[in-house]
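Report on the structure given below.
The values are calculated or read from the model by the stated rules, or taken from the named source; none is laboratory data. Computed from a prediction, not measured in an experiment: that's the story for all the values here. Cβ atoms come from the backbone with ideal geometry, glycine included; neighbour counts cover every protein chain shown.
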Amino acid sequence: MRQISALFAVLLISGSLAKANLPPATRPVKKAHAPVIVRITNRLYRVGTAMVDTSLHRVTVNGSLNMASGSVEYLAVTPRGKTYESVLRLFVQPLYLQVALYLAGMHAKNVISYQGQRKTPMGDPMVISVQWNDTLGHQHVVRAEELLKLEPGNRVMPHHAWVFTGSRVTTDGYLADLTGSIVAVWHDPTALIDNPLPTGSDDGWVVNSHVAPPQGTPVTVYFQAISKKGTTAR
């Protein structure tokens with residue numbers, strides 16, 4: 001195995017981390033600790049707890065089902081995030097996940113200025129899938145959208161591509177690490193990934209309890225880049 005940390009510096013210098021549109025800083029930006037990228041094989045890398053398959057352009061992260069019912073604003077947060085309004089809880093540092101998504105070949109573009117803004121988020125598209133085993137040992141794999149409904153109307157979120165917006169760096173540091181926001185259902189400029197549907201500025205999202213497993217169920221989440229030809233893998 002070979003450890004690689006230079007890539008992280010290159011990403012920062014090239015401006016890949018989306019920076020906030022703020023007035024000039026009055027104090028230095030707090031530096032985040034550069035992740036060590038461990039090469040496992042010619043195509044497999046580990047960035048913190050995130051696994052990257054560069055040939056499939058896919059990132060894999062472990063977590064758990066955080067909410068089996070109720071209103072949500074996020075598909076996924078970290079344990080320090082807004083767990084009272086997120087379907088999933090992921091065991092990954094957001095900065096490391098952002099680097100992993102870059103390593104998988106995705107590019108970010110953050111155009112959202114505030115939470116719930118009526119503006120379409122941008123960035124490279126991806127499919128998010130969630131996998132778990134039930135109490136009988138049967139494996140289930142669903143598109144992330146199937147875990148969400150919009151009320152009123154009880155409308156299950158249609159299948160669509162999520163977009164890699166990337167979080168922002170301010171004088172306080174890397175915002176996704178500070179807020180714990182990973183995948184926003186209701187637009188959030190501090191999250192890494194956002195929901196580009198027109199309903200992304202609505203706050204009526206709830207967990208689809210007909211599909212979601214019991215609270216606390218271990219899950220594996222796949223972030224799969226969509227190729228320019230529109231093909232995807234699980």
*asked:* If I ask for residues that are polar (S, T, N, Q), touching a Leu at 6+ places or on another chain (Cβ under 6 Å) and within 12 Å of Ser69 (Cβ to Cβ), which ones from region 188-221 would you list?
replied: Asn208, Gln215
_Number of the exception - Val92 against (1) over 22 Å from Val169 (Cβ atoms); (2) touching a strand residue (DSSP E or B) at 6+ places or on another chain (Cβ under 6 Å)_ = (1)
*Show the residue pairs that are 6+ apart or on different chains and have beta-carbon atoms under 9 Å apart, the first residue being within region 214-234 and under 21 Å from Ile182 (Cβ atoms) and surrounded by 10 or more Cβ atoms within 10 Å (Cβ to Cβ), the second being polar (S, T, N, Q) and modelled with pLDDT under 50.*
Gln224/Thr232; Ala225/Thr232; Ile226/Thr232
_Here's a check for you: in region 31-51, which residue that is among the aliphatic types (A, V, I, L, M) and assigned to a strand (DSSP E or B) is modelled with the lowest pLDDT?_
Ile37
_Those strands (runs of 3 or more DSSP E) lying entirely in region 52-166 with at least 2 residues surrounded by fewer than 23 Cβ atoms within 10 Å (Cβ to Cβ)_ = 58-65, 122-133, 139-143, 148-150
